[in-house]
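Structure first, commentary second.
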Amino acid sequence: MSAPLTGVGPLLRASLTHDGRRFAPWVAIVTLLSASSVLLYPWLFPDTVDRMGFAAAVGSNPAISLIFGPAEDLLSTDGFNAWRSLSLGGFVTALGAILAVVRASRAQEDSGQAELLASSVISRSGRLIVGVLVAMIGSLAVGVVAGLVTWACGGEPGPTALLCATFVVTGWMFAALAAVAAQLGAETRTATSIAVGALGVAFIARGFLYAIDAPDWLVWLDPLAWMTETWPMVEDRWWPLLLGLGLTVVLLAVAFVLQARRDFGGGAIGPRPGPATGRIRSVAGLVLRAHRGAVITWLCVAAGLGIVFGYLATSVSDILAGDSAVQQVLAAGAATPDQLIGRFLVTILSLVGIILAIPGVQIMLAVRSEELADRAEPVLAAAVARPRYWGASALLALTVTAACTLIAGTEIALLASSADIGAELGDTLLQAVVTVPAVWAVVAVSMLVVGARPRVLPAAWIGVIASFGLTLLGPSFKPPDWALGISPFWHVPSIAGDEDGWGLLGVAAVALLLAIIGLVGFRRRDLATR
């Protein structure tokens, strides 16, 4: 029993000292999400009429259910917190756990640190044990800190404890899944893609199953749905957490079996050897080759999202029929049926655009990764100028996000126009087209950060996070127009409503300005500066 644990104690202490702080942002995000729900709900919805109107709007919107899950109790503070925080809080915790495990296992093999550790007194499975423990301790910290802060802000102890327990178990499940992915993928990027992709599929599938009122047996096939089935503040069921713990044990057993049987530094899914003679003759070709797998993956994701959101768009007539609260929250007070449908499609396409801006941000972040790995300097030392190098990645980021948005938009247009809901194929296609500049504006934020301020690299995600929050929850929380206007998607005009496009033109101008500043910054700054 002692051999597999040899060296685990000292390595765990060192890992918590050096890498433990990396889990702090995930703890802060989930804590802020839960505590703000408890604090803001009584202020935003002080009386029963306001709460019933909000509940009617949210309950009738399948797009919101796709992200947050079903809303069973929006008339109480803790019920609102459970609806708003359970799915997103679990997703954030799981994402932090995945990155922690991959960083402590596969990434160390890629960097050579694992070989150095293996030369000391540490068992073969020690690094993986430590990585899983770091992720589990971080997930536990999320639950404890979020629970204590939420309780201090006024949350009821019982529902709050159950809600935060779902965060912990979700983090543990996907930490175990990441441990399996680290054995399958022979590179950090591959392992991360497998685990994060599985998380994304489970998240969208959970929301879609609840949005279409799928049969109960189908819902129970999704591990994230197990956490939803705890129903904090509604039924307060603790036993679904046992399913998550059981899955964690099974996945960890699989991970350690795979690790014992694979070669050091190897994996089931490895990179293919390149050709004997190089065929790439341009920077653009090099960038495309480096991101080919991710591009293909995101094109498939776009096709899947188009089908999911297109199916939801076909129910727009039932969703918006005769409910003034729904009109106010979802359709921004549009007066005619055509305007209602148009604004609903704007919301649907905006959510799709926000999700599909992610590959653009990832491509730009890879520019920084190549710098830090000392792979950019040899390219720039030859005849390649910095503007060409940076511009090739920027062009690919914009092209991929536009293509993904148009693929999903085309599918939504085809499904919506065939459902006889009053949405014309041409108008919906044009609506997808005018959404693209807003997607580019989100990507341009990452261009600015990577080019001019790489020291604050996490800020590259601000565009995605802010746009998501303001687009989906902004109208419900009644912020002023200037706050909603921070999101570029707020300026996307409704084609069906014959709105002018001056706001969108301003968004395009801002995106161009951010891109130019990023390019100038990249030309002038030192490479690989930390």
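Of all residues being assigned to a helix (DSSP H, G or I) and charged (D, E, K, R) in region 369-406, which is surrounded by the fewest Cβ atoms within 10 Å (Cβ to Cβ)? Just the residue, please.
Of region 369-406, the ones assigned to a helix (DSSP H, G or I) are 369-372, 376-380, 386-406.
Filter again for charged (D, E, K, R), leaving 370-371, 377, 386, 388.
Working: Glu370: 19, Glu371: 20, Glu377: 12, Arg386: 16, Arg388: 14.
Checked region 369-406; the qualifying residue surrounded by the fewest Cβ atoms within 10 Å (Cβ to Cβ) is Glu377.
For Val361, the conditions (1) of a type outside the set (Phe, Trp, Tyr); (2) modelled with pLDDT of 90 or more; (3) more than 20 Å from Arg525 (Cβ to Cβ) all hold with the exception of (3).
Gly155 passes every criterion in (1) open to solvent by 30 Å² or more (accessible area, probe 1.4 Å); (2) not in a helix (DSSP H, G or I) apart from (1). Considering only region 285-292, I want to know if a residue exists there that is under 19 Å from Ile348 (Cα atoms), at pLDDT 75 or above and under 21 Å from the mean Cα position of the chain (by Cα). No: zero hits. Remark: Arg189 falls outside the filter, which requires a residue to be among the basic types (Lys, Arg), surrounded by fewer than 23 Cβ atoms within 10 Å (Cβ to Cβ) and not in a helix (DSSP H, G or I). For region 418-430, the count of residues that are farther than 19 Å from Ile516 by Cα, of a type in the set (D, E, K, R) and in contact with a helix residue (DSSP H, G or I) (Cβ under 7 Å, 6 or more places away or on another chain) is at least one. Being more than 25 Å from Ala165 (Cα to Cα), open to solvent by less than 20 Å² (accessible area, probe 1.4 Å) and at pLDDT 65 or above holds for only one residue in Ser85, Ser105, and it is Ser105.
Going through (1) out of contact with any Phe, Trp or Tyr (no Cβ under 8 Å at 6 or more places or on another chain); (2) without any contact (Cβ under 8 Å) to a residue 24 or more places away in the chain; (3) open to solvent by less than 10 Å² (accessible area, probe 1.4 Å) one by one, Pro240 falls short only on (1).
With of a type in the set (A, V, I, L, M), at pLDDT below 70 and open to solvent by 20 Å² or more (accessible area, probe 1.4 Å) as the only criterion, which of Ala268, Ala260 stands out? Break it down into steps so the answer makes sense when it comes.
Working: Ala260 fails: at pLDDT below 70.
Among Ala268, Ala260, only Ala268 is of a type in the set (A, V, I, L, M), at pLDDT below 70 and open to solvent by 20 Å² or more (accessible area, probe 1.4 Å).
The values are calculated or read from the model by the stated rules, or taken from the named source; none is laboratory data. All figures in this text were calculated on a predicted structure; none of them were measured in a lab. Heads up, the Cβs are rebuilt from the backbone with ideal geometry, glycines too, and the neighbour counts pull from every protein chain shown. Just the protein is used for accessible areas: all its heavy atoms, side chains included, with ligands, DNA and RNA removed. Shrake-Rupley method; radii C 1.70, N 1.55, O 1.52, S 1.80 Å.
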